[in-house]
Amino acid sequence: MLILDLAYLLVFILLSPLWLLMLVLKPAFRAGLRERFIPAEVADPAGSTVWLHGSSAGEIDLLRPLVGRIAERFPDSRIVISAFAISGYTFARKAFPDHRVIYFPADLAFIIRRFFRVLNPVLIIVVESEFWPNFFAVAERSKIPLCVLNGKMSAKSFRSYRRTGLIPWALRKASLFAVQTENHAARFRGLGVAAASIHVTGNMKYDLGDDTDGSEERRKLRAQYGLSDEMLVWIGGSIHRGEDEALAWVQSQLVSDECQLQLVIVPRYPTEAPAIVDVFDRLGLKAVCKTELSGNGGTVFSDPRRVLVVDTIGDLKRYYAMSDIAYVGGSLHFRGSNKGGHNLMEPAILGVAPLFGPYNFSFSETVRALLEGDAGMLVHDREEIVSALRGFLDNPGSAAEIGAKARQIILDNRGATDLNFALIEAAISGR
């Protein structure tokens, strides 16, 4: 661990000019900086803690059903939720008002030990692929069980980890792995993780939300915005820059042909909303940010040229419920080998017809299930998005039919959270 600490510090020194520049130019980069190095004191430092960690808002969202069950089953244990990204921290503060939310500590051994002394965790739960070498190693040395839930590993990551050896070394420090599929399990085994510690339990993202179809939320929001139930609404969810230009072009093409449909945009990063508004304005559309609305927003959708940009955090699911068709962002353009689209389950469980681009490998199993069940549409470019939307307009009821199929696929794949909680319960009870 000392060698790893020295390596971290060397990298920091080499990159310090860039770090200083980022600290000056990007206020978000400074968020939580002190808290990553100095743990805040808790009310009862002698009490035991269950520590759950995710990176961004999507991973933190997975923890909601687990946190409720842990709090009910183990009322004497304090629950701490940590996030790495500012989006995850902000979401966690909103989602868990009754529990302590912190920024994930810097991965330096002496800092992690300090956090452990203050928080006194009896169990650590890490979501998906947050593999921090020192954190894992210090947990093992401190005899704190560390569980990876909803674990996943892409083929590319597997090849990279196998070459370096650092992540395999860290993974072997963990106590338990609950992974999404057998393919992921095979990759963990291929890195030397003991087969006995790996359990294939499914994907917890299928369990998000309840079993309701969102019809009540749909009714409320449509009434708020003055939308009839017959008006076709499509949404761009978790949109990245570049995709905003594509969707603006799509809407402008459809509007020029006098198609009757409304568009809602939910940026992945709300801070990009002003730039997205400019993109739509340049194409002759009128985009309005949610935070700039007065009253109930009943005039936003007075005609299809008007577009709503939701520049708030935590509202994506509500606006999915209001919609008929959802293009799920992060998938139209290549953004990196580890960035393959966003959560398709969110619109699908609400019975909203999902569209997604070709870069969807983060949800490859879900994509496969949706396509095989005729419950989703793959669109490669903006022209194909136009074609898909024209098809929905020409065939009233087709969006609802595809949405119903998508919802059933999600329901059929539920249950991972129950299985994972049983593993957690055994781990805590065995202490």
*Answer yes or no as to whether G351 is in the same structural domain as F334 (by TED's automatic domain parsing), closer than 26 Å to H333 by Cα, of a type outside the set (F, W, Y) and out of contact with any Pro (no Cβ under 7 Å at 6 or more places or on another chain).*
yes
*State yes or no: is A196 in contact with a Cys (Cβ under 9 Å, 6 or more places away or on another chain), of a type outside the set (D, E, K, R), under 26 Å from L123 (Cβ atoms) and not in a loop (DSSP other than H, G, I, E, B)?*
no
*Counting only residues that are touching a helix residue (DSSP H, G or I) at 6+ places or on another chain (Cβ under 6 Å) and either over 26 Å from C259 (Cβ atoms) or touching a residue at least 40 places away in the same chain (Cβ under 8 Å) (or both), how many does region 289-311 have?*
7
*Can you tell me which residue in region 173-192 is surrounded by the most Cβ atoms within 10 Å (Cβ to Cβ), limited to those that are part of a helix (DSSP H, G or I) and either touching a Phe, Trp or Tyr at 6+ places or on another chain (Cβ under 7 Å) or hydrophobic (A, V, I, L, M, F, W, C) (or both)?*
F188
*Does L423 qualify as being farther than 28 Å from D229 by Cα and either touching a helix residue (DSSP H, G or I) at 6+ places or on another chain (Cβ under 9 Å) or not hydroxyl-bearing (S, T, Y) (or both)?*
yes
_Given the criterion among the small types (G, A, S) and in a strand (DSSP E or B), identify the matching residue among S82, S87._
S82
*Look at R318 and say whether it is under 14 Å from I235 (Cα atoms), touching a Lys or Arg at 6+ places or on another chain (Cβ under 8 Å) and surrounded by fewer than 19 Cβ atoms within 10 Å (Cβ to Cβ).*
no
*May I ask you to verify whether R69 is closer than 22 Å to H342 by Cα, outside any strand (DSSP E or B), out of contact with any Asp or Glu (no Cβ under 8 Å at 6 or more places or on another chain) and at pLDDT 90 or above?*
no
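The values are calculated or read from the model by the stated rules, or taken from the named source; none is laboratory data. Keep in mind that what you see is a predicted model, and the values were worked out from it rather than measured. Reconstructed Cβ throughout: ideal geometry from the backbone, glycine too, with neighbour counts over all protein chains shown.
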